[in-house]
Amino acid sequence: MGDWACPRCRADSVLAVLRRPHAWTNTSGNPVRGRSDVLLCARCDADDPLTGPIVTYFAVHGSARPDNVGQLARLLLRWADRARPPAPDEKALRAEAEAEAWRRGEL
Ligand SMILES: [Zn+2]
(Lines give C-alpha, C1' and ligand atoms only; values in the text may rest on other atoms or scores of the structure.)
Protein backbone atom coordinates (compact mmCIF):
# COMPACT_ATOMS: atom_id res chain seq x y z
CA MET A 1 0.00 0.00 0.00
CA GLY A 2 2.52 2.63 1.08
CA ASP A 3 6.07 2.99 2.27
CA TRP A 4 5.04 2.55 5.86
CA ALA A 5 4.97 -0.67 7.80
CA CYS A 6 3.05 -0.74 11.06
CA PRO A 7 5.42 -0.90 14.04
CA ARG A 8 2.82 -2.89 15.98
CA CYS A 9 1.74 -5.67 13.62
CA ARG A 10 4.53 -5.17 11.04
CA ALA A 11 2.07 -5.40 8.20
CA ASP A 12 2.04 -3.00 5.29
CA SER A 13 -1.35 -1.75 6.38
CA VAL A 14 -0.79 1.87 7.35
CA LEU A 15 -3.56 4.05 5.95
CA ALA A 16 -2.49 7.46 7.18
CA VAL A 17 0.29 9.09 9.15
CA LEU A 18 -0.18 12.02 11.44
CA ARG A 19 3.09 13.87 11.74
CA ARG A 20 3.17 16.54 14.35
CA PRO A 21 5.70 18.48 16.31
CA HIS A 22 5.34 18.20 20.03
CA ALA A 23 6.99 19.82 22.98
CA TRP A 24 7.22 19.13 26.64
CA THR A 25 9.14 20.50 29.57
CA ASN A 26 11.96 18.43 30.94
CA THR A 27 12.87 18.02 34.59
CA SER A 28 15.14 21.07 34.53
CA GLY A 29 12.33 23.23 33.21
CA ASN A 30 13.62 23.57 29.67
CA PRO A 31 11.31 23.03 26.74
CA VAL A 32 12.16 20.01 24.63
CA ARG A 33 10.95 19.85 21.10
CA GLY A 34 10.51 16.74 19.08
CA ARG A 35 8.46 15.24 16.39
CA SER A 36 6.35 12.19 16.43
CA ASP A 37 4.38 10.18 13.96
CA VAL A 38 1.06 8.66 14.83
CA LEU A 39 0.28 5.85 12.45
CA LEU A 40 -3.16 4.68 11.54
CA CYS A 41 -3.08 0.96 10.89
CA ALA A 42 -5.91 -0.86 9.13
CA ARG A 43 -5.37 -3.87 11.38
CA CYS A 44 -4.51 -2.40 14.77
CA ASP A 45 -6.83 0.61 14.77
CA ALA A 46 -9.97 -0.94 13.33
CA ASP A 47 -11.59 -1.34 16.76
CA ASP A 48 -10.77 2.12 18.04
CA PRO A 49 -13.84 4.41 18.10
CA LEU A 50 -11.69 7.28 16.84
CA THR A 51 -9.90 5.51 13.98
CA GLY A 52 -12.33 2.68 13.24
CA PRO A 53 -14.52 4.83 10.95
CA ILE A 54 -11.44 5.81 8.90
CA VAL A 55 -10.43 2.17 8.52
CA THR A 56 -14.00 1.41 7.47
CA TYR A 57 -13.95 4.26 4.95
CA PHE A 58 -10.87 2.85 3.24
CA ALA A 59 -12.25 -0.66 3.43
CA VAL A 60 -15.43 0.45 1.67
CA HIS A 61 -14.04 2.98 -0.81
CA GLY A 62 -10.48 1.77 -1.32
CA SER A 63 -9.12 5.29 -1.40
CA ALA A 64 -10.28 8.87 -1.03
CA ARG A 65 -12.96 9.70 -3.60
CA PRO A 66 -14.03 13.15 -4.71
CA ASP A 67 -17.73 12.51 -4.08
CA ASN A 68 -17.26 11.70 -0.41
CA VAL A 69 -13.85 13.09 0.46
CA GLY A 70 -15.57 15.55 2.81
CA GLN A 71 -16.64 12.64 4.97
CA LEU A 72 -13.06 11.36 5.08
CA ALA A 73 -11.71 14.82 5.86
CA ARG A 74 -14.04 15.10 8.84
CA LEU A 75 -12.90 11.73 10.17
CA LEU A 76 -9.24 12.61 9.69
CA LEU A 77 -9.63 15.99 11.37
CA ARG A 78 -11.38 14.43 14.34
CA TRP A 79 -8.53 11.93 14.61
CA ALA A 80 -5.85 14.63 14.24
CA ASP A 81 -7.58 16.63 16.93
CA ARG A 82 -7.64 13.85 19.52
CA ALA A 83 -4.73 11.61 18.65
CA ARG A 84 -1.85 12.04 21.04
CA PRO A 85 1.70 10.96 20.43
CA PRO A 86 3.10 8.53 22.95
CA ALA A 87 4.20 10.26 26.15
CA PRO A 88 7.89 11.03 26.32
CA ASP A 89 9.96 8.36 27.95
CA GLU A 90 10.68 9.24 31.60
CA LYS A 91 14.11 7.65 31.47
CA ALA A 92 15.07 9.56 28.34
CA LEU A 93 13.92 12.77 30.04
CA ARG A 94 16.05 12.10 33.10
CA ALA A 95 19.09 11.25 31.00
CA GLU A 96 18.57 14.43 29.06
CA ALA A 97 18.33 16.48 32.26
CA GLU A 98 21.52 14.92 33.62
CA ALA A 99 23.40 15.65 30.41
CA GLU A 100 22.19 19.22 30.64
CA ALA A 101 23.40 19.56 34.25
CA TRP A 102 26.72 18.02 33.31
CA ARG A 103 27.20 20.55 30.53
CA ARG A 104 26.59 23.36 32.97
CA GLY A 105 29.11 21.89 35.39
CA GLU A 106 26.63 21.01 38.10
CA LEU A 107 27.62 17.35 38.29
ZN1 LIG B 1 -0.81 -2.61 12.73
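The values are calculated or read from the model by the stated rules, or taken from the named source; none is laboratory data. Keep in mind the model is a prediction, meaning the values are calculated, not measured. Neighbour counts run over all protein chains shown; Cβ positions are idealised from the backbone, glycine included.
The table that follows gives values for the structure above.
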{"item": "Matching residues, the range 10-21, being away from the ligand (no atom under 15 Å from the Cβ) and in contact with a strand residue (DSSP E or B) (Cβ under 6 Å, 6 or more places away or on another chain)", "result": "Arg19, Pro21"}
{"item": "Pair list, Cβ under 8 Å, 6 or more apart: the range 35-54 residue farther than 16 Å from Pro7 by Cβ, other residue in a loop (DSSP other than H, G, I, E, B) and more than 13 Å from the ligand (Cβ to nearest atom)", "result": "Leu50/Ala83"}
{"item": "Residues satisfying the stated conditions in the range 26-57, i.e. more than 11 Å from the ligand (Cβ to nearest atom), farther than 30 Å from Glu100 by Cα and over 14 Å from the mean Cα position of the chain (by Cα)", "result": "Asp47, Asp48, Pro49, Gly52, Pro53, Ile54, Thr56, Tyr57"}
{"item": "The range 90-107, residues that are free of Cβ contacts under 8 Å to residues at least 24 places away in the same chain, farther than 20 Å from Ala23 by Cβ and of a type in the set (Gly, Ala, Ser)", "result": "Gly105"}
{"item": "All positions within the range 26-37 that are at pLDDT 80 or above and under 18 Å from Arg82 (Cβ atoms)", "result": "Asp37"}
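Listed here are the residues, each with its yes/no results for (1) away from the ligand (no atom under 16 Å from the Cβ); (2) at pLDDT below 95; (3) more than 28 Å from Glu96 (Cα to Cα).
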site: Arg8; (1), (2), (3): no, yes, no
site: Trp24; (1), (2), (3): yes, yes, no
site: Ala59; (1), (2), (3): no, yes, yes
site: Pro66; (1), (2), (3): yes, yes, yes
site: Leu76; (1), (2), (3): yes, yes, yes
